[in-house]
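Working notes, beginning with the structure itself.
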Amino acid sequence: TEVTVESLLGLNPFTSAVTSAVITVLEPSHGRSTSDIVRFRNVSSFDGFTKTVLENASGYTITKVDDNRYSFSASSGTATTGGIQGGGGRVTAGPVTLGT
């Protein structure tokens with residue numbers, strides 16, 4: 001069952017490898033499955049990815065890595081440095097629509 005509420009993520013929950021569009025998200029005990037769609041909100045740009053790209057209104061289809069991490073491919077851009085954490089301190093992850 002897909003998670004239907006918004007979750008506040010920890011500080012700088014995103015990482016990526018240099019020149020990669022794949023972003024890994026740290027969300028401990030997330031309860032998500034591969035093919036779930038997740039939308040991120042309150043994101044800060046990081047490592048070559050803009051706020052607009054990260055907050056894609058359609059959300060992103062994820063791939064579960066383990067019980068604490070999942071990944072997605074950004075719709076645009078690649079990591080410029082790689083191996084750094086980013087995204088800010090008030091990032092939330094949840095369904096594309098809330099309250100509907």
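The values are calculated or read from the model by the stated rules, or taken from the named source; none is laboratory data. No experiment lies behind these values; they were computed from the predicted model shown. A quick note on method: Cβ atoms are made from the backbone with ideal geometry, for glycine too, and the neighbour counts reach across all protein chains shown. Calculation scope for accessible area: heavy atoms of the full protein, side chains included, ligands and nucleic acids excluded. Shrake-Rupley method; radii C 1.70, N 1.55, O 1.52, S 1.80 Å.
Out of (1) within 17 Å of VAL96 (Cα to Cα); (2) open to solvent by less than 80 Å² (accessible area, probe 1.4 Å); (3) not in a strand (DSSP E or B), the odd one out for SER20 is which?
Failed condition: (1).
Filter the stretch 1-31 for residues that are within 13 Å of the chain's Cα centre (by Cα) and closer than 11 Å to PRO95 by Cβ; which is modelled with the lowest pLDDT?
GLU6
Which is loosely packed, with under 14 Cβ neighbours inside 10 Å, in contact with a helix residue (DSSP H, G or I) (Cβ under 6 Å, 6 or more places away or on another chain) and either part of a loop (DSSP other than H, G, I, E, B) or of a type outside the set (Lys, Arg) (or both), of SER58, SER76?
SER76
Give me the residue from the stretch 61-73 that is assigned to a loop (DSSP other than H, G, I, E, B) and either in contact with a helix residue (DSSP H, G or I) (Cβ under 7 Å, 6 or more places away or on another chain) or not polar (S, T, N, Q) (or both) and, out of that set, surrounded by the fewest Cβ atoms within 10 Å (Cβ to Cβ).
ASP67
May I ask you to verify whether THR92 is on the phi < 0 side of the Ramachandran plot and open to solvent by 20 Å² or more (accessible area, probe 1.4 Å)?
In short, no.
Restricting attention to the stretch 90-100, which residues are in a loop (DSSP other than H, G, I, E, B) and over 12 Å from PHE46 (Cβ atoms)?
Result: ARG90, PRO95, VAL96, THR97, LEU98, GLY99, THR100.
What tally of residues in the stretch 23-44 results from selecting those that are under 14 Å from PHE72 (Cβ atoms) and open to solvent by 30 Å² or more (accessible area, probe 1.4 Å)?
7
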